[in-house]
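The values are calculated or read from the model by the stated rules, or taken from the named source; none is laboratory data. Note that the structure is predicted; figures quoted are calculated from it, not measured. Don't worry about glycine lacking a Cβ; one is built from the backbone with ideal geometry, like all the others, and counts go over all protein chains shown. These area figures cover heavy atoms from the full protein model, side chains too; ligands, DNA and RNA do not enter into them. Shrake-Rupley method; radii C 1.70, N 1.55, O 1.52, S 1.80 Å.
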Amino acid sequence: MLSKRKGITVSRQIMDDQRLHPEATGELTGLLNDLVVAGKIISAEVNMAGLADILGQSGRTNIQGETVQKLDVFANQTIKRRMEQCGHVCVMASEEDDDIIPVLEGYEGNYTIAFDPLDGSTNIDVNVSIGTIFSIHRRLSAHGQGNVHDLLQKGAEQVAAGYIIYGSSTVMVYTTGNGVHGFTLDPSVGEFFLSHPDIRIPETSLYYSVNEAYAHHWFDSTRNFIECLKKGDGDRKPYSLRYIGSLVADFHRNLIKGGVFLYTRDKKSGEKSEGKLRLLYEAAPLAMIVEQAGGLAITDDGRRILDIVPDNLHQRVPLIIGSRQDVELAEQFMRGGQ
Ligand code: FDP
């Protein structure tokens, strides 16, 4: 029997979102539907990874100097192939490619897409949740092939953002600026069904996510904030640590249960360095989702992530993201107010 929950597919929700914009041409709907297909293909491969001879390293390093896994390559190719001829995108950027990625001539559309094909690479081989993150903007250039400036727009201009997490089940979470919805893939019918309607992140939480191994490199602001969470204070109970090491998985957990994730600058990387996470492929799309769900995303000097105008494709940014009150408390420490 079809459960009530299996009533709404992701395609139907995307169509409903489109109806909120009478001026819409259906291009964004088409783009998102193609991304859903890419997500299903990657999900199938991730589930079979141990059997499909696709685990392990590809023998390449990317522009960030990180080892590229075979599944990274597969996910990257899958998304590029679907997007280059979907007819709705004019230019792409991937965390795995040094430069902008053109689309096929004659197939240029009105949007840009930046994506991290498989976030959490170090967890690929060990059955821990990983995910695809995407960020979509309307193009700035008039027509034809898009250019790098089409991609270097601030997060506040995103028209859609989301991720597909390949975990104990495959879940797609996305927003087009009218709330955040989550869909779980039913592998028996190959369809994403609405499982998490109108997600709201809890205002405050009992969890923090940070790589505590770097504690001896932290600036006092980060150290004092984490100490404060661990100790608890008055009405605030002591927090527990949850760190998966895949941003998309840590973020998803905090989105559903409440929590704050931090990847700040530290003494090792230097005050002027920019942390580890990428603005275009990680911080900006997750910031749009968290704000749409009632949370916050800032840098470790209190800038709103969505207001940062990127100056290069692979720009990194310090990130504090999660439940609103937790991020506000972090901000007080980061600004030296505690
Ligand atoms: P990974 O290097 O495994 O791809 O941005 C990449 C990322 O993972 C995030 O998903 C994750 O949150 C972070 O890096 C983990 O970095 P640390 O190992 O330094 O904690």
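Annotations for the structure displayed:
- Options E227, E203, E191, E212: the member that is open to solvent by 20 Å² or more (accessible area, probe 1.4 Å), of a type outside the set (V, I, T) and within 16 Å of the ligand (Cβ to nearest atom): E212
- Boolean, A215 is over 20 Å from D301 (Cα atoms) and assigned to a helix (DSSP H, G or I): no
- F219 falls short on exactly one of the conditions (1) within 16 Å of the ligand (Cβ to nearest atom); (2) farther than 27 Å from Y163 by Cβ; (3) in contact with a strand residue (DSSP E or B) (Cβ under 7 Å, 6 or more places away or on another chain); (4) open to solvent by 30 Å² or more (accessible area, probe 1.4 Å), and that condition is (1).
- Considering only residues in the range 151-165 that are in contact (Cβ under 8 Å) with a residue 24 or more places away in the chain and not aliphatic (A, V, I, L, M), the one that is most open to solvent (accessible area, probe 1.4 Å) turns out to be K154.
- Residue match in the range 311-327 (condition: away from the ligand (no atom under 15 Å from the Cβ) and at positive phi): no
- Within the range 230-254, the set of residues being within 16 Å of the ligand (Cβ to nearest atom), basic (K, R) and assigned to a helix (DSSP H, G or I) comprises R253 only.
- Residue match in the range 230-248 (condition: touching a residue at least 40 places away in the same chain (Cβ under 8 Å) and under 15 Å from S323 (Cα atoms)): no
- Subset of the range 113-150 [modelled with pLDDT under 95, part of a helix (DSSP H, G or I) and open to solvent by 50 Å² or more (accessible area, probe 1.4 Å)]: T122, D125, V126
- Of all residues in the range 255-266, those satisfying the criterion of being within 15 Å of the ligand (Cβ to nearest atom) and either without any contact (Cβ under 8 Å) to a residue 24 or more places away in the chain or open to solvent by 10 Å² or more (accessible area, probe 1.4 Å) (or both) are Y263, T264, R265, D266.
- For the range 230-250, filtered to residues that are at pLDDT below 95 and more than 13 Å from Y208 (Cα to Cα), the residue that is surrounded by the most Cβ atoms within 10 Å (Cβ to Cβ) is R236.
- Check on A297, away from the ligand (no atom under 13 Å from the Cβ), surrounded by 20 or more Cβ atoms within 10 Å (Cβ to Cβ) and part of a helix (DSSP H, G or I): no
- Test: residue in the range 269-283 that is acidic (D, E) and modelled with pLDDT under 95: yes
- Only a single criterion out of (1) open to solvent by 50 Å² or more (accessible area, probe 1.4 Å); (2) within 15 Å of the ligand (Cβ to nearest atom) is not satisfied by K272, namely (2).
- Within the range 166-184, the residues that satisfy the criterion of being within 19 Å of I8 (Cα to Cα) and surrounded by 16 or more Cβ atoms within 10 Å (Cβ to Cβ) are T170, V171, M172, V173, Y174, T175, T176, V180, H181, G182, F183, T184.
- Count of residues meeting criterion [surrounded by fewer than 23 Cβ atoms within 10 Å (Cβ to Cβ) and within 16 Å of the ligand (Cβ to nearest atom)] in the range 94-112: 1
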